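Enquirer: Got a structure here, written out as structure tokens. Questions coming.
The values are calculated or read from the model by the stated rules, or taken from the named source; none is laboratory data. Predicted model, so just to flag it, every value in this text is computed and none were measured. Cβ placement follows ideal geometry from the backbone for every residue including glycine, while neighbour counts extend to all protein chains displayed. With ligands, DNA and RNA removed, areas are computed over all heavy atoms of the protein, side chains included. Shrake-Rupley method; radii C 1.70, N 1.55, O 1.52, S 1.80 Å.
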Amino acid sequence: MTIERPPQSHVRLLRRRAGLTQRELAFILGYHSESQISRLENGSRVPRASELLMIEMVFGVASAAVFPGL
């Protein structure tokens with residue numbers, strides 16, 4: 001039996017370095033709620049390709065560096 005680990009995410013670190021709240025980042029990415037950011041940060045949600053591109057643009061960091069486990 002294997003236990004799946006959630007994908008590692010550096011979204012929280014990058015968001016905090018940028019001085020953004022979850023609500024502000026959610027607005028920038030076009031989400032309706034900051035709960036979507038929370039799920040990205042804690043690894044309970046895997047981002048779609050379009051979301052990866054938006055995150056790259058916002059933080060100026062390659063998606064492989066933001067989500068090294070993907």
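Enquirer: Applying the Karplus parametrisation 6.51 cos²θ - 1.76 cosθ + 1.60 with θ = phi - 60° to the phi angles of region 21-29, what ³J(HN,Hα) value in whole Hz is obtained for each residue in order, glycine and proline being reported as x?
Expert: For region 21-29, the Karplus-derived couplings read 7, 4, 4, 5, 5, 4, 4, 4, 7 Hz, x marking Gly and Pro.
Enquirer: Label-point separation (nm) for Ala49 and Phe27, each offset 7 Å from Cα along Cα-to-Cβ?
Expert: Going by the 7 Å Cα→Cβ label model, 3.1 nm.
Enquirer: Mind listing the phi-derived Karplus ³J(HN,Hα) values for region 36-42, rounded to whole Hz, using 6.51, -1.76 and 1.60 with θ = phi - 60°, and x for any glycine or proline?
Expert: 5, 5, 4, 5, 5, 5, 8
Enquirer: From the residues Val11, Ser50, Gly30, which one has its Cα farthest along the dipole of the chain in the positive direction, the dipole being from +1 and -1 charges on Cβ of Lys/Arg and Asp/Glu about the Cα centre?
Expert: Towards the positive end, the residue furthest out is Val11.
Enquirer: Next up: Given N residues in the chain, what is its alpha carbon radius of gyration divided by 2.2 N^0.38 Å?
Expert: 1.06
Enquirer: Round to a whole number: what % of the accessible area of the chain belongs to carbon and sulfur, probe 1.4 Å?
Expert: 55 percent
Enquirer: Moving on. Residue by residue through region 59-65, what is 3J(HN,Hα) from phi via Karplus (6.51 cos²θ - 1.76 cosθ + 1.60, θ = phi - 60°)? Round to whole Hz and write x for glycine and proline.
Expert: 9, x, 10, 4, 4, 5, 7
Enquirer: About the Cα centre of the chain, how large is the charge dipole given +1 on each Lys and Arg Cβ and -1 on each Asp and Glu Cβ? Please answer in debye to the nearest 20. Can you show the working numbers first?
Expert: Details: 9 positive and 6 negative charges, 30 e Å.
Roughly 140 debye, rounded to the nearest 20.
Enquirer: Using a 1.4 Å probe, what is the accessible area per residue for the chain, in Å²?
Expert: For the chain, the solvent-accessible area averages 69 Å² per residue.
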